[in-house]
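Values in this text are rule-based calculations from the coordinates and carry no lab data. A quick note: this is a predicted structure, and the numbers were derived from the prediction, not measured. For neighbour counting, all protein chains shown are included, and Cβ atoms are generated from backbone atoms with ideal geometry for every residue, glycine included.
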Amino acid sequence: METLRSRRPIAQAYGCPLIFRMCGPLKDLLSHLARFPVAGLEAFTSPTLGNTTLLDGRAACPDKCLVGGTNAMLWPQPPKAIIAQIECDLDALPHHRGIVVTSAGVMPPRRPRGR
């Protein structure tokens, strides 16, 4: 945490928010992450690759920007499935302020159809 505290003034001097990056199964760490002196947390990796949803993050860290909310396994799906899952996840939230929906990390390489 000292490293984050030492970086905060640097980010503020340049007018940049300090964002802490982590991913994977973080649900048990959310109460600790909520105390980090950062403006945002990236990347909330949803099941099945992670175990942390945007709703988990919003409940534990109401004052932080949350980046992620999906995972790489969702994005190769048909567009309607992607949209339906994201809508479901966003509908569960009390509001959408401070939410940036991303793949929460690495994307699988695109493969040719039919393989």
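Here are the numbers for this structure:
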quantity: Environment charge at HIS96 (Cβ cut-off 12 Å; Lys +1, Arg +1, Asp -1, Glu -1); calculated: -1
quantity: Check: the chain dipole with +1 on Lys, Arg Cβ and -1 on Asp, Glu Cβ, in debye; calculated: 420 debye
quantity: Cα gyration tensor category, rounded, prolate or oblate, for the chain with a/c compared to 1.5; calculated: prolate
quantity: 5 angstrom amide H check on ASN71, placed H, neighbours 5+ away; calculated: SER46
quantity: Helix 2-13 axis, angle to the chain major axis (alpha carbon atoms, nearest 10°); calculated: 90 degrees
quantity: Label-zone membership for the stretch 56-74, site LYS27, 7 angstrom Cα→C-beta point, backbone N under 14 Å; calculated: 56-60
quantity: Length-normalised contact order of the chain in % [C-alpha pairs under 8 Å, at least 6 apart]; calculated: 23 percent
quantity: Rounded to 10°, Cα long-axis angle of helix 79-91 versus longest principal axis of the chain; calculated: 40 degrees
quantity: Cβ-defined net charge surrounding ASP63, 14 Å radius [Lys, Arg +1; Asp, Glu -1]; calculated: +4
quantity: Burial ranking of peptide ranges 5-14, 65-74, 22-31 (average Cβ count within 10 Å, highest at the top); calculated: 65-74, 22-31, 5-14
quantity: Ordering of 45-51, 83-89 by packing [mean C-beta count within 10 Å, highest first]; calculated: 45-51, 83-89
quantity: Simple label model, 7 Å out from Cα along Cβ direction - TRP75 to ILE10, nm; calculated: 2.8 nm
quantity: Selected from LEU90, LEU41, LEU54 as most flexible by GNM, with the chain as the system and alpha-carbon contacts under 10 Å; calculated: LEU90
